[in-house]
1. Could you grab me the full set of residues in the stretch 135-154 that are surrounded by fewer than 20 Cβ atoms within 10 Å (Cβ to Cβ) and in contact with a strand residue (DSSP E or B) (Cβ under 6 Å, 6 or more places away or on another chain)?
2. Residues to consider are 157, 132; find the one that is crowded, with 23+ Cβ neighbours inside 10 Å and without any contact (Cβ under 8 Å) to a residue 60 or more places away in the chain.
3. Just checking, does the stretch 203-220 include any residue being in contact with a strand residue (DSSP E or B) (Cβ under 6 Å, 6 or more places away or on another chain) and either part of a helix (DSSP H, G or I) or within 20 Å of residue 75 (Cβ to Cβ) (or both)?
4. Can you tell me which residue in the stretch 39-66 is farthest from residue 103 (Cα to Cα), limited to those that are part of a loop (DSSP other than H, G, I, E, B) and touching a residue at least 60 places away in the same chain (Cβ under 8 Å)?
5. Give the residue, chosen from 124, 98, that is loosely packed, with under 14 Cβ neighbours inside 10 Å, modelled with pLDDT of 90 or more, farther than 14 Å from residue 160 by Cα and within 17 Å of the chain's Cα centre (by Cα).
6. Count, please, the residues in the stretch 184-200 that happen to be under 16 Å from residue 130 (Cα atoms) and either surrounded by 11 or more Cβ atoms within 10 Å (Cβ to Cβ) or in contact with a helix residue (DSSP H, G or I) (Cβ under 6 Å, 6 or more places away or on another chain) (or both).
7. Taking residue 137 and the conditions (1) closer than 16 Å to residue 50 by Cβ; (2) in contact with a helix residue (DSSP H, G or I) (Cβ under 9 Å, 6 or more places away or on another chain); (3) modelled with pLDDT of 95 or more, which numbered condition does it fall short on, given that it satisfies the others?
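The values are calculated or read from the model by the stated rules, or taken from the named source; none is laboratory data. What you see is a predicted model, and the numbers here were worked out from it, not measured in a lab. Heads up, the Cβs are rebuilt from the backbone with ideal geometry, glycines too, and the neighbour counts pull from every protein chain shown.
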């Protein structure tokens, strides 16, 4: 079990190179955590943590607009997937990625799983769609480390990066063995998700959202 209270305060922010902590420096003082210990601890701790190659990072809560956007996405997809083999999951569901011998567990803001995914257990390893809502503190990780990790999942058909400060979504759609990057902007834009027989309208994604620029910590 993860007993050291340090894990409850250790977070990753954009202030670190490439949006992540320097793992070599941390490992000088901390032993890696096993996957089994991490998964067991996540069942009991109050604060969610993401796992990267033996290191565990406490997650930071999102502001109101972040949570509203994520909720809108879950609601939009849930209404379209009723009676179909795919299901939309919220940010309480972990996704496992394994790339270049590195094991990672992330909590995306939303994900869609289809077919023979894990209906029991504590994580998903075959998502079809993954969604992250961008923020200043996580942007580099979402468009860097997580982008590479998610796109390595064989079942993934789309990775959506959703802006908070304007109606815009960066979408990575699978095209055979590669991913095509497209930007959708404006309330009239609609994202086609043929792999799950659904669409996402930006008008729905940003319903009731007030675009208030994030305040950088250095400006406070």
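1. Those that are surrounded by fewer than 20 Cβ atoms within 10 Å (Cβ to Cβ) and in contact with a strand residue (DSSP E or B) (Cβ under 6 Å, 6 or more places away or on another chain): 151, 152.
2. Working: 157 fails: crowded, with 23+ Cβ neighbours inside 10 Å.
Exactly one of 157, 132 is crowded, with 23+ Cβ neighbours inside 10 Å and without any contact (Cβ under 8 Å) to a residue 60 or more places away in the chain, namely 132.
3. So far as the stretch 203-220 goes, no, none of its residues is in contact with a strand residue (DSSP E or B) (Cβ under 6 Å, 6 or more places away or on another chain) and either part of a helix (DSSP H, G or I) or within 20 Å of residue 75 (Cβ to Cβ) (or both).
4. Checking each candidate, the answer is 63.
5. Of 124, 98, the one residue that is loosely packed, with under 14 Cβ neighbours inside 10 Å, modelled with pLDDT of 90 or more, farther than 14 Å from residue 160 by Cα and within 17 Å of the chain's Cα centre (by Cα) is 98.
6. Going through the stretch 184-200 one residue at a time, the tally reaches 9.
7. Just one mismatch for residue 137, condition (3).
One line per residue, one yes/no per condition, for (1) more than 13 Å from the chain's Cα centre (by Cα); (2) closer than 30 Å to residue 208 by Cα; (3) not in a strand (DSSP E or B):
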| residue | (1), (2), (3) |
| --- | --- |
| 80 | yes, yes, yes |
| 84 | yes, yes, yes |
| 105 | no, no, no |
| 112 | no, yes, no |
